[in-house]
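The next block holds one structure in the form of structure tokens; read it before the comments.
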Amino acid sequence: MNITTLSRKNVQELTPYQSARRLGGNGDIWLNANEYAISPDFQLSKTGFNRYPDPQPQEVIEGYANYLGVSAENVLVSRGGDESIELLIRAFCEQDEKVLICPPTYGMYEVSARTNGIDVVYVPTLADFQLDLKNIEQSLAQDSKIKVIFVCNPNNPTGTLLNRADLLELLEFTRNRAIVVVDEAYMDFSSENTITNELAKFPHLAVIRTLSKAFALAGLRCGFTIANPELIGILQKVIAPYPLPTVVADIASQALQANNVAEVKQRIEQLNLAREQLAKELIELDFVKRVEPSFGNFLLFECEDGMKVFNALWEQGIILRNQHTAHNLANCIRISIGTDEENSKVINALKAIK
Ligand SMILES: *Cc1c(COP(=O)(O)O)cnc(C)c1O
């Protein structure tokens, strides 16, 4: 008896997620996972690890609500934004229902759907990576099984900021029909563009946020779902009893205190400047055909021969994220913004490519 054959059919067909870390390489410059280059310095302040943690620690919930300017009842904390994706699928999709995604986009929507045996409908973005609203509306009209729509704003891996008018239109025609998830993992880098200030109008809107990107705490595994209380209440039913370890809550609540938030905001400004500098230097290289405007902590650029460029840097221990197989992204590479030193090492390595 082979136990693999005992596992669920959809699980037999899965391959483990190719996380940036798993893709490995012998790098010393890691610019493939949109992490912050330097670790912030936090110390544990709590004791009492014998007790189960608070399922939704008040300091973390209130800290994040304050940071966003929403109320505490709009916030659910989870094991990273990735757990939010999973919760939304589990809470809203029946076994025969589907999610809709707009490639090229973040890989975890599809991974989470498939892991739960949920089918995926693709409505690729337009040539400028904006939403194809007509096609999304048509898909919804033709396929009553579509239940959750994932859009990513700013989009990973393109960096695109979605048109606000498009998002509002999407939210109008999906009313009473489907859940719209707006993944704002990178919205801290242009926070004025958040959709969270429209929450009151849209009971079917769920926004995903995280401490992994702008807060430089990817190792913490702490993310949020922002929605109206009814939707938050539904997710509460499917979330694990103690999603946030005591130590995570401890550090997350420190990270959300005013003094640290002020530091985060300064780092965001510096990072945005560094990104624009790097974009300028990339576009000056003669084999770089295009650098997408980015609103995140990364850039997407297109090369004449993306594979060659990716491999040349890999050989030198500079690990970027190849997007070659992503929809519409042939010869494209995604690079996280590193320290000034890392960024200039990358540029020098690129200049040396013959
Ligand atoms: C990084 C990321 C997330 C969530 O990351 P967590 O580390 O799980 O919080 C969600 N969506 C996108 C688009 C991301 O890039």
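The values are calculated or read from the model by the stated rules, or taken from the named source; none is laboratory data. Because the structure is predicted, anything quoted here is derived from the model rather than measured. Virtual Cβ from ideal backbone geometry, glycine too; neighbours counted across all protein chains shown.
A compact table of results
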read-out: Failed condition for Leu167, given (1) within 16 Å of the ligand (Cβ to nearest atom); (2) in a helix (DSSP H, G or I); (3) over 22 Å from Lys98 (Cβ atoms); value: (3)
read-out: Flag for Ser144 being hydroxyl-bearing (Ser, Thr, Tyr) and either within 11 Å of the ligand (Cβ to nearest atom) or closer than 30 Å to Asn331 by Cβ (or both); value: no
read-out: Any helices (runs of 4 or more DSSP H) falling wholly within the stretch 49-145 and containing at least 3 residues that are more than 17 Å from Ile226 (Cβ to Cβ) and under 19 Å from the mean Cα position of the chain (by Cα); value: 108-115
read-out: Which numbered condition Tyr17 misses (of (1) farther than 24 Å from Ile149 by Cβ; (2) modelled with pLDDT under 95); value: (1)
read-out: Index of the failed condition, Ile101 passing every other in (1) out of contact with any Phe, Trp or Tyr (no Cβ under 6 Å at 6 or more places or on another chain); (2) farther than 19 Å from Ala214 by Cβ; (3) within 16 Å of the ligand (Cβ to nearest atom); value: (1)
read-out: Among the candidates Leu256, Leu231, Leu220, residue that is over 22 Å from Asp340 (Cβ atoms) and touching a Gly at 6+ places or on another chain (Cβ under 6 Å); value: Leu256
read-out: Hits in the stretch 284-306 - residues which are in contact (Cβ under 8 Å) with a residue 24 or more places away in the chain, under 17 Å from Ala349 (Cβ atoms) and either within 23 Å of the chain's Cα centre (by Cα) or not in a strand (DSSP E or B) (or both); value: Leu285, Phe287, Leu299, Phe301, Glu304, Asp305, Gly306
read-out: One residue from Glu94, Glu110 being within 15 Å of the ligand (Cβ to nearest atom), within 24 Å of Phe173 (Cβ to Cβ) and of a type in the set (Asp, Glu); value: Glu110
read-out: Index of the failed condition, Leu256 passing every other in (1) more than 22 Å from the chain's Cα centre (by Cα); (2) touching a residue at least 12 places away in the same chain (Cβ under 8 Å); value: (1)
read-out: Subset of the stretch 221-238 [closer than 18 Å to Tyr52 by Cβ and more than 14 Å from the ligand (Cβ to nearest atom)]; value: Gln236
read-out: Residues within the stretch 181-211 that are within 13 Å of the ligand (Cβ to nearest atom) and assigned to a helix (DSSP H, G or I), tallied; value: 3
read-out: Residue check for Glu94: buried (at least 21 other Cβ atoms within 10 Å of the Cβ), among the acidic types (Asp, Glu) and out of contact with any His (no Cβ under 6 Å at 6 or more places or on another chain); value: no
read-out: Set Ala178, Ala214: member being within 16 Å of the ligand (Cβ to nearest atom) and in contact (Cβ under 8 Å) with a residue 12 or more places away in the chain; value: Ala214
read-out: Residues of the stretch 47-89 classified as farther than 20 Å from Ala216 by Cα, within 16 Å of the ligand (Cβ to nearest atom) and among the charged types (D, E, K, R), total; value: 1
read-out: Any chance Ile318 is more than 23 Å from Met187 (Cα to Cα), crowded, with 19+ Cβ neighbours inside 10 Å and more than 18 Å from the chain's Cα centre (by Cα); value: yes
read-out: Residue in the stretch 260-283 that is away from the ligand (no atom under 16 Å from the Cβ), assigned to a loop (DSSP other than H, G, I, E, B) and not acidic (Asp, Glu) present; value: no
read-out: Selection status of Thr325, farther than 24 Å from Glu110 by Cα and either at pLDDT 95 or above or out of contact with any helix residue (DSSP H, G or I) (no Cβ under 9 Å at 6 or more places or on another chain) (or both); value: no
read-out: Conditions (1) within 16 Å of the ligand (Cβ to nearest atom); (2) within 19 Å of the chain's Cα centre (by Cα); number of the one not met by Ala249; value: (2)
